[in-house]
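Have a look at the structure below, then the notes.
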Amino acid sequence: MPTMTTDPASTVAQRLKDLPSDALSARREEALARYQDIQWPSMRDEAWRYTNTREIAATEFSGADSSATIDADAVAPYVLDADMPRIVFVDGIFQPDLSTATSRPGVHIDRLATVMADAPERLTDHLAAHADWSDDPACALSTAMLTDGVMVELDPGTRMDTPLHVMFLTRGGEAPISVHPRVLVVAGDETTGTVIESHVGLGGNTVLTTPVTELIAGDKVNLDHYRMVREGSNTWHLGDIALHQGAHSEVSSCLLAFDGPMIRTRMRATLAGEHGNAILHGLALGHGARHIENLLRVNHMVPNCRSRESFKHVLEDNSTAAFTGRIYVAEGAQKTDAVQTNRNLVLSPTARASARPQLEIYADDVKCTHGATTGELDQESLFYLQARGVPTAAARSMLVQAFAGEILDDVAPDSLRGQAQMLLRDRLPAAEHLAMVE
Amino acid sequence: MLQITNLHASIDDTPILRGIDLTIKDGEVHSLMGPNGSGKSTLAKVLAGDEAYEVTDGSIVLDGQDLLELDPHERAAAGMFMAFQYPVEIPGVTMKYFLRTAMNSVRKYREQEELDAYEFLSLVKERAAMVELDTDLLDRPVNGGFSGGEKKRAEIFQMAMLEPSICVLDETDSGLDIDALRTVADGVNKMRGADRSFLVITHYQRLLTYIVPDIVHVLVDGRIVRSGGKELALELEEQGYALVEDGHPVDA
């Protein structure tokens, strides 16, 4: 056991004292108290059965250097499309010179720090109201340390012309740092938009990141959200995505987990208005000793809603993946139509996948299905590719591309889909044999 | 030239091929006929290198190269092409992407320059026209949702792209209507040439009206029991495989 001179939670309390007092102070303090209470659970805790947080608990994190800046050149490789409006944070610090997104009538894009200071009433109903920090140390910590991030607010009837790209880059320093990226999207009735997050680690410093995104959709909203994870080699990524949907809304969130030693994501959708449709997708690549955990929960609170969950894990080497998916159907939420699938492609004898589907249903006229599969590559398909001249390693990689393709094909923004396809290709064995992605 | 000598192969310890001798010279078209279960498809898969089958004896030599020493992708690069009886569907990878990768791999192995995007697409257009294949299909997943005819045409199209020296067609006629059969046969005929040979495996004589073979072999119970000219196919059509099933191997 490492000897600890300081209790990490008290370090957080000290850091919190340095934060400005504002409309959110009370919520932050409450979250801090909660964080101190629950701490980092051991693997005996049911929710943490698959993720070992001992090292996180034993590490003392400081905040980032508030003067952190970065060259545009260092950011350029992660920009999806030069014309796509973006907001850039480095080690949690907003970078005005690298950010290009601006508000326009009906589409308000602001820093959370600004809104907290100038118009906190815009936040009170939404911020930290949907991502549940009562039972999760990462989310509680994130809420306790909430100082900045991005708020997108769409006035009823408006449409975002292009996706917004929010880039959270981390570089860290000699001492471990923690960052708490935050995105809040409040989409009024009859709005349409797309928000893409990238979490990019630059290098191998020790970082804890706890990104929390809340997407609140009114009635007849069409909202797409993507989270691309490309963390550094020593970054623990423990994140939350929470959707809250009104009637006739279609909201999707897609997690693309490519890099980082530990990527744990809680994704929760609450269908609060009839005829809502929640689409939760995820693709995670396991390499080396990477640990992936996805915890999903869909709450069908009212009748006539639909949810579709599809998560895929590709596991090589000694990587592990755990999937927990709970479908909750409230009393009276009749005609619920919920489908959940988790597919694991296990490519190495030492990789491990586990799946826990959970149904909690209090209505009698519902259609809820779940399916979890764990398998290897299809030998017949492999032989077909080989017989056409594709070397074995490349043929295997191509079948991984095929497996992932079912998630990536649904990624709507071309530049993001293209980037994801390239990242996938580059991470596969024998990539030099694979044709470039067009 | 493809030389198969005393080839024995089994699956799960059950012998299927029991001593096949077959030589196909450059430019020749041979047909292999035989009743169900005689080992026709097994021979095709063994030639292509399917590891589900174990070769227990004999040799396969293509243009002086021992094919049994080569992996399936190396055999493809060395000039072996097998058109599958049941081409697999691979959702998630487009036909074009797959073919581009296959072409590049084969060309790299043959120490040829890789094709650039323009050259590749022009070749695609030209070869797709040979088998009247709609190039829109190439943006779809590999064989994904193709009709029976489209699948077979796509196989012959791939064959045309990869320019093999020996083409093995495993019951390419199965499931095809007469028009599709004619189109596929036309594609094959356009590819015939002095440096390319064919082994056309079929249960029925029908295909051989359109792809006229130089030599017809009859496979029964894992052995070639009779070989002859193209008229042998007609004879079989009239009299059925009873003609040969009781007979003894001609070349044995």
TODO: Name every residue in segment B:128-144 that is away from every other protein chain (no Cβ under 14 Å) and either under 24 Å from the mean Cα position of the chain (by Cα) or at positive phi (or both), in order of residue number.
DONE: B:ALA128, B:ALA129, B:MET130, B:VAL131, B:GLU132, B:LEU133, B:ASP134, B:THR135, B:LEU137
Task: Close pairs (8 angstrom Cβ cut-off, 6 or more residues apart or separate chains): modelled with pLDDT under 85 in segment B:233-245, of a type in the set (S, T, N, Q) anywhere - done: B:GLU237/B:GLN205
- [ ] Give segment B:1-31 a look and list any residue that's part of a strand (DSSP E or B) and more than 20 Å from B:GLU69 (Cβ to Cβ), or say none.
- [x] B:ILE11, B:THR14, B:PRO15, B:ILE16, B:ARG18, B:GLY19, B:VAL29, B:HIS30, B:SER31
Open item on the list: Here's a check for you: in segment B:163-195, which residue that is assigned to a strand (DSSP E or B) and at pLDDT 95 or above is surrounded by the most Cβ atoms within 10 Å (Cβ to Cβ)?
Closed with: B:LEU169
- [ ] Please find, within segment B:48-64, the residue that is nearest to the other protein chains (Cβ to nearest Cβ) out of those that are under 23 Å from B:ARG107 (Cβ atoms) and buried (at least 17 other Cβ atoms within 10 Å of the Cβ).
- [x] B:ALA48
Open item on the list: If the requirement is being open to solvent by 50 Å² or more (accessible area, probe 1.4 Å), of a type in the set (Lys, Arg), under 25 Å from A:MET267 (Cβ atoms) and touching a residue at least 60 places away in the same chain (Cβ under 8 Å), which of these qualifies: A:ARG86, A:ARG34, A:ARG28?
Closed with: A:ARG34
TODO: Go through segment A:45-68 and give me each residue that's open to solvent by 90 Å² or more (accessible area, probe 1.4 Å) and of a type outside the set (D, E, K, R).
DONE: A:SER66
Open item on the list: Regarding segment B:65-75, can at least one residue be identified that is assigned to a strand (DSSP E or B), within 11 Å of chain A (Cβ to nearest Cβ) and closer than 30 Å to A:ASP409 by Cα?
Closed with: no
Task: Residues of segment A:253-278 that turn out to be of a type in the set (Asp, Glu) and open to solvent by less than 10 Å² (accessible area, probe 1.4 Å), as a count - done: 0
Open item on the list: Could you tell me how many of the residues in segment B:88-108 are more than 7 Å from chain A (Cβ to nearest Cβ) and open to solvent by 10 Å² or more (accessible area, probe 1.4 Å)?
Closed with: 5
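What residue, of A:ALA387, A:ALA420, is more than 25 Å from B:PRO164 (Cα to Cα), surrounded by 20 or more Cβ atoms within 10 Å (Cβ to Cβ) and either at the interface with another protein chain (Cβ under 9 Å from one of its Cβ atoms) or among the hydrophobic types (A, V, I, L, M, F, W, C) (or both)?
Only one candidate passes the filter, namely A:ALA420.
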TODO: For residues that are open to solvent by less than 20 Å² (accessible area, probe 1.4 Å) and among the polar types (S, T, N, Q), scanning just segment B:3-47, find the one that is farthest from B:VAL218 (Cα to Cα).
DONE: B:SER10
- [ ] Check whether at least one residue in segment A:216-237 is within 23 Å of A:ASP132 (Cα to Cα), open to solvent by 10 Å² or more (accessible area, probe 1.4 Å) and assigned to a loop (DSSP other than H, G, I, E, B), and report yes or no.
- [x] yes
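The values are calculated or read from the model by the stated rules, or taken from the named source; none is laboratory data. Computed from a predicted model, the values in this text were never measured in an experiment. Positions of Cβ are backbone-derived with ideal geometry, glycine not excepted, and every protein chain shown enters the neighbour counts. Note: areas computed on protein heavy atoms with side chains; ligands, DNA, RNA excluded. Shrake-Rupley method; radii C 1.70, N 1.55, O 1.52, S 1.80 Å.
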